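J.: Structure in structure tokens, see below.
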Amino acid sequence: MVYRPTAKTRARKEAQRELLLGAARSLVAQRGFAGASMQAVAREAGVATGTLYRYFPSKADLFVEVFTAVSSHEVQTMARATEGHTTATEALGAAIRTWASRAFEGRTLAYALIAEPVMPEVEAARLRLRRDYVEVLKRTLVDGCERGEFSLRSVDVAAAAIVGALAEGVVGPLCASDTPTSRDALIADLTHFCLQAVTPSRPS
């Protein structure tokens, strides 16, 4: 007779899985991926390490799921920031400020998502994350071009360049114990740079 798990058993397993993922997310936010060993995650969740391995056969399996869950939330947050604005310029500025502000609010997690050395499986997820950000920005850039607010030869290139500028613009300050310029000034500079890059130049 083939064993079929009951709804109660499935629900219990799913709850245990979410508990483990939550513990891993918490440790990554505090210590980065390097500080979230399987043993540490198991301790954080209050389970034996063997239990963790039953749900996630390897550290790569666990970290990819953590990265995907966290990054999906960040992409959705950026997308929401573009909504409800009168102009595409306002929408793009809001997306940039939201992204950068969240990076500085959760420095360790942001560095883990953007630049921390990781295993190849997580690096592949990181590339997917960048593509997701690009897709969010492309929608706003297309809208801006149609309104005549932006002047772009390639929306794809512009969106990718903005994502790259954001990552490079914050990664150094995220690692620094003190930042030469204030957080607000840095965010303003990033926003200005990105908006200037897509706005038509006006005759002087």
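No lab work stands behind these numbers, since they all come straight from the coordinates. Because the structure is a prediction, the values reported are computed rather than measured. Positions of Cβ are generated from backbone atoms using ideal geometry, with glycine treated the same way; all protein chains shown enter the neighbour counts.
J.: Given Cβ point charges of +1 (Lys, Arg) and -1 (Asp, Glu) and nothing else, what value in debye, to the nearest 20, does the dipole of the range 63-198 about its Cα centre take?
T.: So the dipole magnitude of the range 63-198 works out to roughly 120 debye.
J.: Moving to a separate point now. Given contacts defined as C-alpha pairs under 8 Å and at least six residues apart, what's the relative contact order of the range 1-122, whole-number percent?
T.: Relative contact order of the range 1-122: 27 percent.
J.: For the range 8-57, what is Rg from Cα atoms divided by 2.2 N^0.38 Å, rounded to two decimals?
T.: Cα Rg divided by the expected 2.2 N^0.38 Å: 1.10.
J.: Residues with beta-carbon under 12 Å from that of Ala24, excluding Ala24: net charge, scoring Lys, Arg +1 and Asp, Glu -1?
T.: Summing Lys/Arg as +1 and Asp/Glu as -1 gives +1.
J.: Turning to a different aspect of this structure: Taking square-rooted eigenvalues a ≥ b ≥ c of the alpha carbon gyration tensor, is the chain rounded, prolate or oblate, where a/c under 1.5 means rounded and, failing that, a/b exceeding b/c means prolate?
T.: Prolate, since a/c reaches 1.5 and a/b exceeds b/c.
J.: Assuming R0 = 22 Å, can you tell me the calculated FRET efficiency for the pair Ala115 and Arg43, based on Cβ-Cβ distance, to the nearest 0.05?
T.: 0.25
J.: Please report, in debye to the nearest 20, how large the charge dipole of the range 17-140 is about its Cα centre when each Lys and Arg carries +1 at its beta carbon and each Asp and Glu carries -1 there.
T.: Using Cβ point charges on Lys, Arg, Asp and Glu, the range 17-140 gives about 60 debye.
J.: Quickly work out the Thr108-to-Asp156 label distance, labels modelled 7 Å from Cα along the C-beta direction, and quote it in nm with one decimal.
T.: A separation of 3.9 nm, rounded to one decimal place.
J.: Give the whole-number value, in cubic angstrom per residue, of the convex hull volume spanned by the C-alpha atoms of the range 7-104.
T.: 114 Å³
J.: Cut-off 14 Å, label point 7 angstrom out along Cα-to-Cβ of Thr199: give me the residues of the range 57-97 whose amide nitrogen falls inside.
T.: Taking a point 7 Å out along Cα→Cβ of Thr199, the residues of the range 57-97 whose backbone N falls under 14 Å are 87-94.
J.: Which chymotrypsin sites (Phe, Trp or Tyr not before Pro) from the range 1-102 combine a DSSP loop assignment with at most 15 other Cβ atoms within 10 Å?
T.: In loop regions of the range 1-102 (DSSP not H, G, I, E or B), the sparsely surrounded chymotrypsin sites (Phe, Trp or Tyr not before Pro) are Tyr3.
J.: Quick one: net charge around Arg130, please, counting Lys, Arg +1 and Asp, Glu -1 for every other residue with C-beta under 13 Å from its C-beta. All intermediate terms of the calculation are to be shown ahead of the outcome.
T.: Details: positive: Arg126, Arg128, Arg131, Lys138; negative: Glu74, Glu123, Asp132, Glu135, Asp156, Glu168.
Net local charge, Arg130 excluded: -2.
J.: What is the gain in length, in nm to one decimal, between Ala34 and Arg183 on full extension, counting 0.36 nm per residue of separation less the C-alpha to C-alpha distance?
T.: 51.1 nm
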